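Scroll down for the structure; my scribbles are underneath it.
The values are calculated or read from the model by the stated rules, or taken from the named source; none is laboratory data. Source: prediction; values computed, not measured. Using ideal geometry, Cβ is built from the backbone for each residue, glycine included, and neighbour counts are taken over all protein chains shown. Heavy atoms of the whole protein, side chains included, go into the accessibility calculation; ligands, DNA and RNA do not. Shrake-Rupley method; radii C 1.70, N 1.55, O 1.52, S 1.80 Å.
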Amino acid sequence: MLVVAMFLSAVVVSVIVNSQNREASNSLLSNSSKIIREAISERQYKLLCDTRQMASENRMVGRMKFLVENRASFDFMMVKPTYHEMTEAIYNIALTAHVSKAFIYDNSGRPVSFIAINNDWSYLGYAHRFPSTVYEAAYMNPGDKLTYESWKPEIFLADIESEFDGIIPEQEAIRFEIINGMLCLAAYVPIVGVSYNRETDSVDPRQFGFVRTIQSIDDGFIDRMSRLTGTRINIFTRDGLVTGNLKKYSTFDMDAFEEAKWEWDINKQEILLNDVTVEGNGFYQGVLPVYSDAKCLAAIVSLYSKDIVRANTLQMIKLLSIVFVACILFVLPFTVAFSNSMARPITRVVAGLREMAQGKWDASIQVDVKSNDEIGELAKKFNVFATTTVSYTH
């Protein structure tokens with residue numbers, strides 16, 4: 001009975017522990033997605049602040065005003081220092097802001113200058129388009145100082161060949177975009193100053209261009225979030241896996257997400273919990289959809305292996321089994337001794353009755369009385385019966 005009770009207890013405990021581990025896994029994934037959401041939200045705020053700093057950097061408005069109003073009138077050599085200064089200004093800010101790319105556009109959406117930064121090098125360039133297009137670029141290694149001699153003429157600069165594809169931003173904005181297959185944050189800040197209006201003979205506000213910065217949500221971000229949350233993280237777009245640390249999970253159905261019918265905010269986005277099987281391995285999954293212009297652009301997925309949950313449950317069952325075996329080994333000798341102590345008087349009574357039935361009337365047929373319970377009472381009655389019977393026969 002003890003073994004059966006322990007077995008049933010182990011089954012019940014394993015079911016309860018497995019259910020608790022499932023709830024704990026869902027809680028872990030929810031917290032993981034919340035941490036990712038907060039980290040991205042902080043990045044959004046910081047990137048917008050850094051972009052605002054670029055747009056309002058000392059003399060940036062004056063430089064853009066000078067170029068927009070005078071570049072068609074002056075020779076390239078006259079405006080060349082202005083290009084150098086404004087490109088260097090955003091470069092110095094971008095170095096500390098962890099921006100991967102930054103652009104300055106004029107008020108018609110044509111790129112004026114740009115920078116691209118990664119761990120190994122930096123690439124800066126600008127274009128002067130009047131009367132003919134002139135390109136210059138500077139290639140920088142980590143630790144290099146940008147000087148006048150760093151700039152070299154170029155025949156072609158791909159990063160500033162295309163005009164801005166979209167409506168010229170007139171207000172600050174930050175949004176998610178897919179750039180070169182990567183999920184990125186893109187911030188937009190107008191460059192606004194004042195200009196003399198001859199028609200009204202007044203000084204009116206005027207937008208001379210805007211700054212656009214790009215920050216990739218890359219492997220470094222994924223690795224840091226994975227360490228903080230204790231989960232695996234993948235980022236998917238409609239083209240499949242973009243980056244992540246579970247490479248064998250490479251496809252995700254983005255069509256399951258409906259278009260946002262409200263002004264979407266990542267901080268208010270609900271986290272979706274479900275299960276997924278990847279090459280025969282089960283995972284609990286937390287999904288954070290990412291929207292842009294009411295359309296789901298990407299999904300940030302946190303994953304927690306079911307093998308870990310099963311291992312935790314199995315470990316608990318093993319511990320319970322060890323405790324149960326130890327209890328059995330500890331209790332069994334006492335159980336045997338107790339059973340013998342209870343059975344011995346009854347066995348002696350049965351043996352005495354058997355001897356009497358066989359005609360062996362002997363006053364020595366007595367049972368030791370060692371307790372005051374029902375067994376002891378039975379032994380006393382038998383002793384009285386045996387004595388009385390022997391006296392009667394004699």
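Tabulated data for the structure shown
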read-out: Value of Rg to Rh for the stretch 146-223 (Rh from inverse mean 1/r over Cα pairs, i.e. Kirkwood); value: 1.11
read-out: 22, 212, ranked by accessible area, largest first (probe 1.4 Å); value: 22, 212
read-out: Residue 270/residue 73 FRET efficiency (R0 51 Å; Cβ-Cβ; nearest 0.05); value: 0.35
read-out: FRET efficiency, 1/(1 + (r/R0)^6) with R0 56 Å, evaluated for residue 329 and residue 354 via beta carbons; value: 0.95
read-out: Potential extension, residue 133-residue 119 segment - 0.36 nm per residue separation minus Cα distance; value: 2.0 nm
read-out: Extended-chain gain in nm, criterion 0.36 nm per residue less alpha-carbon gap, residue 41 and residue 239; value: 68.8 nm
read-out: Charge context of residue 294, other residues only, Cβ under 11 angstrom, K/R +1, D/E -1; value: -2
read-out: Cα-Cα over 20 Å, subset of 46/101; 46/80; 46/295; 34/268; value: 46/80; 46/295
read-out: Solvent-accessible area, 1.4 Å probe, carbon plus sulfur percent, for the stretch 174-296; value: 44
read-out: Accessible surface ranking that places the most exposed of 296, 49 first, with a 1.4 angstrom probe; value: 49, 296
read-out: Accessible surface, the stretch 62-161, averaged per residue in Å² (probe 1.4 Å); value: 47
read-out: Length gained when the stretch residue 154-residue 52 is fully extended (0.36 nm per residue, less Cα-Cα span); value: 33.8 nm
read-out: Probe 1.4 Å, all protein chains present, accessible-area order of 261, 46, 65, largest first; value: 261, 46, 65
read-out: q = 0.19 Å⁻¹, the stretch 37-165: log10 I(q)/I(0) [Debye, one scatterer per Cα]; value: -1.12
read-out: Partners for residue 248 among aspartates and glutamates (Cα-Cα distance below 12 Å; same-chain residues under 8 apart left out); value: 279
